[in-house]
Amino acid sequence: LSTGDNTILIFGASGDLTARKLIPALFKLSQKGFLNERSPVIGVARRDKTDEQFRNELRESALKGNDDKDTAAAWDTFAKQLFYRKVDISTEADYASLHESAKALEQQLGTKADSPRVVYLATAPALFDDAVRGLNSAGMIPELRKHRDRLRVVVEKPFGHDLKSAEVLNEQLRNFLHEEQIYRIDHYLGKETVQNILLFRFGNTFFEPLLNRNHVDNVQITVAESIGMEGGRGAYYDTSGALRDVLQNHVLQLLCLVAMDPPALFQAREIRDEKMKVLQALRPGSDGSLKSWAIRGQYSDGLVDKQPALAYREEERVPSGSNRETYVGMHVEIDNWRWAGVPFYLRTGKRLPQRVTEIAFQFKHPPLNLFSTVECDGNLCDIVEARPNELVLRIQPQESIFLRFSTKRPGMQYHVQPVAMEFDYEDHFSEQLPEAYERLLLDVIRGDSTLFTRSDELLAAWKFVEPVLQHWETTGSGLEFYPSGTWGPAAADRLLSNTGRSWRQPK
Ligand code: BG6
């Protein structure tokens, strides 16, 4: 796992992402020995700031209140490789001095000549073009072009607002960079439990033979959040909405990982080729109108965790008449040999009852129902049937994998009782799960793009959601309200109830 020397340039260094995620992740990597002291980390932004000020500003968020002697000493060591340079991203002339600074700092720290440089664009996508043009004008790209591997550019989401704008961003980057040099981040792919999906499926023999249309009745992917528009996020969110913000990227990436076929090799290209095939086979779950397979909702006021929550339209920096969706539910299908005819139900939303991300495979009923029993409570009697088996990959929180199946409740009759076998990360592993950004930054440093979105995947995902976005935005139709603290609009239940199914209630 040796990582050698690297230079890391973070554009957008005054932003929230740098303080909350990037610097803490780099600090962790340095503590774990993945980022050595010969690797300068250079923050780049428009404001005037000294190295010292930059280090002091970031100290608190990197330590996260963990101010014990060892961590504080580790920070002091790491801070020595942390620098700040003032650059106006849109001013080409600033890049020449940035390049000079980078070379001088590399010399000062003794960075091995020709080591890779990582440029992290933690800026608005509108600035990507200026940034790569600037890097190019300063000779930072041509100098390295012969050795592609020496420059890696990481870009943050949102990567585009729709298919067209994503294509334009791609073109802007590709004017100067090779696809292999571009690392498009989807932080869900960096989550430990998401990475485990492929190992779970293809590193075991138990489950994979069952994960197909012969045994699975339906698959449900839930990315639920209880938060709303904290921290003034409404201004951004209102230009985006649940479909762009989470479904187009995180949910479809999870879908690819649970549905893809095994790659011939566990390598970036082969894995991404298989994911791409899933996206190519993706289609709406019904031939009827949009509302028969895609539902949108917006939260009204209500109670979340027993606390009163404002309606979306009353949130800070959200226009009062906004029709932006904060919930999306979808029924989609994958037209391939493995999954033809199996409904995939996807849902994501804000102000739902709890924060939970999970993937549930619900299996078919046994061919014969031998074990339904009649249970009576006073005069009220019910037929209790064995519930179908379920395999749940809990991505977060309480990361776990569990299997639900039926057993005989001890007693003189055949009373059916659903029980679970559970593997819980916390019970089995003492080490903390690494943060997504830690893993992803390490992969960029190692030059491994497996956990990043390739341009064809990204465009295919946009292509799939584009007609839905267009319909909602041009007709303004289909918005249903749901009280904060509930599982979304009633129409989302109808996506499943029409066929006698229902959404799983996460525990
Ligand atoms: C981000 C979205 O990509 O993912 C946010 O922009 C969302 O709106 C977040 O809250 C969810 O990520 P996580 O890791 O908290 O599940």
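Below is a table of values for the structure above.
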item	result
Lys103 vs. criteria out of contact with any Asp or Glu (no Cβ under 7 Å at 6 or more places or on another chain), in contact (Cβ under 8 Å) with a residue 24 or more places away in the chain and not in a loop (DSSP other than H, G, I, E, B)	no
Flag for Ser286 being at negative phi, more than 16 Å from the ligand (Cβ to nearest atom), in contact with a His (Cβ under 7 Å, 6 or more places away or on another chain) and assigned to a loop (DSSP other than H, G, I, E, B)	yes
Close pairs (6 angstrom Cβ cut-off, 6 or more residues apart or separate chains): at negative phi in segment 196-218, surrounded by 10 or more Cβ atoms within 10 Å (Cβ to Cβ) and small (Gly, Ala, Ser) anywhere	Arg213/Ala340
Given (1) in contact with a strand residue (DSSP E or B) (Cβ under 9 Å, 6 or more places away or on another chain); (2) without any contact (Cβ under 8 Å) to a residue 40 or more places away in the chain, number of the condition Leu63 does not satisfy	(1)
Leading residue by the ranking (surrounded by the fewest Cβ atoms within 10 Å (Cβ to Cβ)) among those in segment 158-169 that are assigned to a helix (DSSP H, G or I) and out of contact with any Gly (no Cβ under 8 Å at 6 or more places or on another chain)	Lys164
Residues of segment 208-223 satisfying the condition of being away from the ligand (no atom under 16 Å from the Cβ) and crowded, with 17+ Cβ neighbours inside 10 Å	Leu211, Val216, Asp217, Asn218, Val219, Gln220
Some residue of segment 143-152 being in contact (Cβ under 8 Å) with a residue 24 or more places away in the chain, surrounded by fewer than 17 Cβ atoms within 10 Å (Cβ to Cβ) and not in a helix (DSSP H, G or I)	yes
Inter-residue pairs, beta-carbon under 7 Å, first more than 17 Å from Ile182 (Cα to Cα) and part of a helix (DSSP H, G or I) and in segment 423-447, second more than 16 Å from the ligand (Cβ to nearest atom) and among the aliphatic types (A, V, I, L, M), 6+ apart	Glu438/Leu29
Residue match in segment 99-113 (condition: exposed (fewer than 14 other Cβ atoms within 10 Å of the Cβ), among the aliphatic types (A, V, I, L, M) and at pLDDT 95 or above)	yes
Test set (1) over 18 Å from Thr499 (Cβ atoms); (2) over 21 Å from the mean Cα position of the chain (by Cα); (3) part of a strand (DSSP E or B) - Val328 fails condition number	(2)
Total residues in segment 66-84, condition within 30 Å of the chain's Cα centre (by Cα) and either in contact (Cβ under 8 Å) with a residue 12 or more places away in the chain or surrounded by 12 or more Cβ atoms within 10 Å (Cβ to Cβ) (or both)	9
Residue satisfying condition, being within 30 Å of Gly160 (Cα to Cα) and surrounded by fewer than 15 Cβ atoms within 10 Å (Cβ to Cβ), within set Asp424, Asp448	Asp448
Filter result (touching a Ser or Thr at 6+ places or on another chain (Cβ under 7 Å) and closer than 17 Å to Ala436 by Cα) within segment 1-22	Ala19, Arg20
Residues that are over 30 Å from Tyr120 (Cα atoms) and β-branched (Val, Ile, Thr), drawn from segment 395-454	Ile401, Thr407, Val416, Val419
Scope segment 376-395; condition away from the ligand (no atom under 15 Å from the Cβ) and either modelled with pLDDT of 95 or more or surrounded by 13 or more Cβ atoms within 10 Å (Cβ to Cβ) (or both); matching residues	Val384, Glu385, Ala386, Arg387, Pro388, Asn389, Glu390, Leu391, Val392
Pick from segment 238-278, criterion more than 21 Å from Leu440 (Cβ to Cβ), among the hydrophobic types (A, V, I, L, M, F, W, C) and assigned to a helix (DSSP H, G or I), ranking: nearest to the ligand (Cβ to nearest atom)	Ala242
Search result, residues across segment 156-183 that are away from the ligand (no atom under 13 Å from the Cβ) and basic (Lys, Arg)	Lys164, Arg174
Residues located in segment 66-97, provided they are part of a helix (DSSP H, G or I) and either touching a strand residue (DSSP E or B) at 6+ places or on another chain (Cβ under 6 Å) or among the basic types (Lys, Arg) (or both)	Lys69
Residue within segment 224-237 that is in a strand (DSSP E or B), closer than 23 Å to Glu466 by Cα and within 16 Å of the ligand (Cβ to nearest atom) present	yes
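The values are calculated or read from the model by the stated rules, or taken from the named source; none is laboratory data. All values derive from a computational prediction rather than experimental measurement. In this analysis, Cβ positions are derived from the backbone assuming ideal geometry, glycine residues included, and neighbour counts consider all displayed protein chains.
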